[in-house]
Amino acid sequence: MTLDSLHAAQWITVGPRTRRRRSALRGLALAAALAFAAAGCATNPVTGKSDFVMLSESQEIEMGREADPEIRREFGVYDDPALSAYVQRVGAELAAKSHRTDLVYRFTVLDSPDVNAFALPGGYIYITRGLLAYLNSEAELAAVLGHEIGHVTARHSVRQISAAQAAGVGYTIGAIFLPELRTQSAQQLFDVLGTSLIRGYGRSHELEADRLGAEYLARTAYDPDAMIEVIAVLKNQELAETQIASAEGREPRVYHGLFATHPSNDQRLQEVVGEARKYAVAERRVGVDAYLQRIDGMLFGDSPSQGIRRGNRFYHEGLDLTLTFAEGWRLENFPNRLEASSPDNQARMWVFVEDRNRRISPAEFIRDRIGLRSLAAGRELDVGGLEAYTGIGRVNTPFGRRDSRVTVVYYHDKAYIFLGTTRSGPIGAYDRDFLSAAQSFAPLAESDRRYARGLRLGVVTAEPGDNIAGLIARSVQVNYPEMQLRLINDLYPRGEPRAGQKLKIIQ
């Protein structure tokens, strides 16, 4: 949840399908529309064969250039110049051995805890720090970047868009790559490319990207088998995340579909990676120590700029606040809202923040700004001396038009809107939890500030006799601690550390 939030009144009264539009993305739509007039055949840079495409290379590059600032604004760029330079160097070495060396490739680390990497047309490639946390060597990093370079060099997005348009699928602006952002302003990017970035490009294109990535690895003196290794690591992450998401009643956050397309032991994957071994050198780069040194101290999990979740608590240093939800409630943090779900997934709360622009009461704010003119059982609420008002209103929610507990709390020049409702049935069974969450609103105490600064990875060396239980004891407690430590250290599901092995802990 950031200072720049979606207008809550629009979300509540119009419904969850209403979204923001950005000028940069409108430019993408214009570029795409102009491209259709230039449809024709072009030589594929990888195969040398003719492909039917609807974008020239200049238009392809323009699409990436237009989208890049929007991606950076939406997710933020991770503020670590040394790590950014490292990722750029590794990526640039691979790109220099690719089939499109004339492009200027830009590799950006996004400040997101989600596990993802993707490429926009024209050489704009992104990797999240959430994905970096699960990698364990420079070769694995190179494998991810090489795979994304492969999508660019083979012009997969351009070919996908062209094929879809030719088939009459239509061309609209749509979703991009992180599951929770399918319902946010990132939906302004085009549907066809967005689907590819979320779910992958299909088996043939994903295998081609693997083949190309493995070739670029080998030509850059990395072991091409790192492509198989990184898929195994992230397949484990996907399996664990899918299991957790199912238990928590939410969408899994996994890399954009590559691993659903083929597991690491897939015969065709083994074959296409095997083809790259003819380019391999005797002394192959792995770079475990170099990689772990670069991510030592990297943020893990939530970013302080978005707010930090710790169990059922939420801390935000920029907004100077903390919230406590009922025991067992699960929190999800999005750029424009905070969501909390009951243990049985039958109730949900949303928290929004808006600027206060007029000196009106919280009751008037609900009526005039949110547009709820009929509020039952309305009353002022005691929230630690802050102005607040609450009542029951019938509003649009993701569960449909429902009776909902609506509360507004004023703090400084902001209005915090709490909305709580149920999937079905009356809200009475959960109303105490809805009210207690709003009433828990408080400025950050000095003792809270250390939690608001987030968690970081630390790198340690395993001593003889060390095990996962010992790593857990040395780490800050997070949800599913054993699973998390096994996953980030490639010890999932039952591995144990070796003496002398470099390991990540959560601090």
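Summary table below
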quantity: Pair D431, N467: separation of 7 Å Cα→Cβ label points (nm); calculated: 5.1
quantity: Extension gain, D368 back to E380 (0.36 nm per residue minus Cα-Cα distance, nm); calculated: 2.6 nm
quantity: Rounded accessible area of H316 (nearest 10 Å², 1.4 Å probe); calculated: 0
quantity: Residues listed by number, segment 426-444, amide nitrogen under 11 Å from E387 label point at 7 Å toward C-beta; calculated: none
quantity: Of all accessible heavy-atom area on segment 426-507, the percent that carbon and sulfur account for (1.4 Å); calculated: 49
quantity: Convex hull of segment 335-398 built on C-alpha atoms - directionally averaged projected area, nm²; calculated: 5.9
quantity: Accessible surface, 1.4 Å probe, highest first, among residues M483, M298; calculated: M483, M298
quantity: Full-extension gain in nm, L444 to R394, via 0.36 nm per residue minus C-alpha separation; calculated: 14.8 nm
quantity: Under 14 Å, Cβ to Cβ, from R65 - net charge with Lys/Arg +1 and Asp/Glu -1; calculated: -4
quantity: Viscosity 0.890 mPa s, temperature 25 °C, Stokes-Einstein D of segment 340-482 from Kirkwood C-alpha radius, µm²/s; calculated: 138
quantity: Three-way shape call for segment 204-303 based on the alpha-carbon gyration tensor, with the a/c threshold at 1.5; calculated: oblate
quantity: Table column - 3J(HN,Hα) (Hz), segment 436-453, Karplus curve with 6.51, -1.76, 1.60, x for Gly and Pro; calculated: 5, 5, 5, 6, 7, 3, 7, x, 5, 7, 4, 6, 7, 5, 5, 6, 5, 8
quantity: Summed residue charge, Cβ within 12 Å of H412's Cβ, Lys/Arg positive, Asp/Glu negative; calculated: -2
quantity: Solvent-accessible surface (1.4 angstrom probe) belonging to T324, in square angstrom, nearest 10; calculated: 50
quantity: Spatially proximal lysines relative to K97 (Cα-Cα < 26 Å; intrachain offsets below 8 disregarded); calculated: K49, K278
quantity: HN-Hα J in Hz across segment 341-348 - Karplus 6.51, -1.76, 1.60, θ = phi - 60°, x for Gly and Pro; calculated: 10, 5, x, 8, 6, 9, 9, 8
quantity: Inter-label distance, nm, simple model (7 Å from Cα along the C-beta direction), H412/S204; calculated: 5.5
quantity: Net charge of neighbours whose Cβ lies under 13 Å from the Cβ of A119, counting Lys and Arg as +1 and Asp and Glu as -1; calculated: -1
quantity: Heavy-atom accessible area ranking, 1.4 Å probe, most first, across R474, R432; calculated: R432, R474
quantity: Separation of the E275 and S361 label points, Cα + 7 Å toward Cβ, nm; calculated: 7.3
quantity: HN-Hα J in Hz across segment 138-148 - Karplus 6.51, -1.76, 1.60, θ = phi - 60°, x for Gly and Pro; calculated: 5, 5, 5, 4, 4, 5, 5, 5, x, 4, 5
quantity: Accessible-area ranking of H205, H412, largest first, probe 1.4 Å; calculated: H412, H205
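The values are calculated or read from the model by the stated rules, or taken from the named source; none is laboratory data. Predicted, not measured: the structure shown is a model, and the values here were computed from it. Reconstructed Cβ throughout: ideal geometry from the backbone, glycine too, with neighbour counts over all protein chains shown. Surface areas here come from the heavy atoms of the whole protein model, side chains and all, with no ligands, DNA or RNA. Shrake-Rupley method; radii C 1.70, N 1.55, O 1.52, S 1.80 Å.
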